[in-house]
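Engineer: Dumping the structure here so I can ask a few things about it.
The values are calculated or read from the model by the stated rules, or taken from the named source; none is laboratory data. Keep in mind it's a predicted model, so treat the numbers as computed, not measured. No Cβ is skipped: glycine too gets one built from the backbone with ideal geometry, and neighbour counts run over all protein chains shown. Surface accessibility is based on the protein's heavy atoms, side chains included, excluding ligands, DNA and RNA. Shrake-Rupley method; radii C 1.70, N 1.55, O 1.52, S 1.80 Å.
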Amino acid sequence: EAGVAQSPRYKIIEKRQSVAFWCNPISGHATLYWYQQILGQGPKLLIQFQNNGVVDDSQLPKDRFSAERLKGVDSTLKIQPAKLEDSAVYLCASSSIRDGLTYGYTFGSGTRLTVV
Amino acid sequence: SQQGEEDPQALSIQEGENATMNCSYKTSINNLQWYRQNSGRGLVHQILIRSNEREKHSGRLRVTLDTSKKSSSLLITASRAADTASYFCAHTRHPGGYQKVTFGIGTKLQVIP
């Protein structure tokens, strides 16, 4: 079974520029998550999709961050404009749900963003 | 913040010793999971314990859950240098019909050969 694929692996941009990250979840996983992990901290959920609908974006800074999951498969996360404090690793994860229980919660390797 | 808390935040032990990490949370949960993260890599699931379970084993890992104290502990027995990593607990609950997974701040484990 292929894992969760993310790209790019690394990205360096200047503040006020825009950037986009891509995630391809495990085939058949209905739930997709984007997390932000600042160095030395645990992952913080930015947005959670169930198929192509958003179920939780309460911690997404909507003035600069946006995400979409067209056709309920791949997803992109965009930051525009970026700030220095956006420097972090952006992790994508996916899972399936069966009988109300979550299975196969799997993370990608992440995209390390540095804003200078 | 809704993040759980792990303690200690950093732990350094000799190879062969046992490592114990603790996690606390604030809400009712469906299950609690422990993840491992090597430096610069993604998180890898280690073990899951459901809210109606009190103890679970997987190889050298033992996890306990005390829902009355809203706490969990992860024990790694006979540690190896390769166990060096950060360990995160994550609790899952159902607010409004979907699974919400919240991570703690992590324990950084160093196993000295």
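Engineer: Look at the stretch A:45-92 and say how many of its residues are closer than 17 Å to A:Val4 by Cα, modelled with pLDDT of 95 or more and β-branched (Val, Ile, Thr).
Structural biologist: The number of residues fulfilling the criteria is 3.
Engineer: Identify all residues within the stretch B:75-113 that are aliphatic (A, V, I, L, M) and more than 17 Å from B:Glu15 (Cα to Cα); write none if there are none.
Structural biologist: B:Ala90, B:Val101, B:Ile105
Engineer: Out of B:Phe88, B:Phe103, which single residue is within 11 Å of B:Gln37 (Cβ to Cβ), in contact with a Cys (Cβ under 8 Å, 6 or more places away or on another chain) and touching a residue at least 40 places away in the same chain (Cβ under 8 Å)?
Structural biologist: Being within 11 Å of B:Gln37 (Cβ to Cβ), in contact with a Cys (Cβ under 8 Å, 6 or more places away or on another chain) and touching a residue at least 40 places away in the same chain (Cβ under 8 Å) holds for just one of B:Phe88, B:Phe103, which is B:Phe103.
Engineer: Go over the candidates B:Gln33, B:Gln37, B:Gln46 one by one and state the one that is of a type in the set (S, T, N, Q), under 30 Å from A:Pro8 (Cβ atoms), within 14 Å of another protein chain (Cβ to nearest Cβ) and open to solvent by 40 Å² or more (accessible area, probe 1.4 Å).
Structural biologist: Working: B:Gln33 fails: open to solvent by 40 Å² or more (accessible area, probe 1.4 Å); B:Gln37 fails: open to solvent by 40 Å² or more (accessible area, probe 1.4 Å).
Within the list B:Gln33, B:Gln37, B:Gln46, the selection yields B:Gln46.
Engineer: Could I ask something else about it? How many residues does the stretch B:29-50 hold that are modelled with pLDDT of 90 or more and of a type in the set (Ser, Thr, Tyr)?
Structural biologist: 1
Engineer: Further, regarding this structure: Would the stretch B:57-78 turn up any residue that is basic (Lys, Arg), within 14 Å of chain A (Cβ to nearest Cβ) and in contact (Cβ under 8 Å) with a residue 12 or more places away in the chain?
Structural biologist: No, the conditions are met nowhere in the stretch B:57-78.
Engineer: Answer yes if at least one residue in the stretch B:12-24 is within 14 Å of another protein chain (Cβ to nearest Cβ) and either farther than 30 Å from A:Gln50 by Cα or open to solvent by less than 30 Å² (accessible area, probe 1.4 Å) (or both), and no otherwise.
Structural biologist: The answer is yes, given that some residue of the stretch B:12-24 is within 14 Å of another protein chain (Cβ to nearest Cβ) and either farther than 30 Å from A:Gln50 by Cα or open to solvent by less than 30 Å² (accessible area, probe 1.4 Å) (or both).
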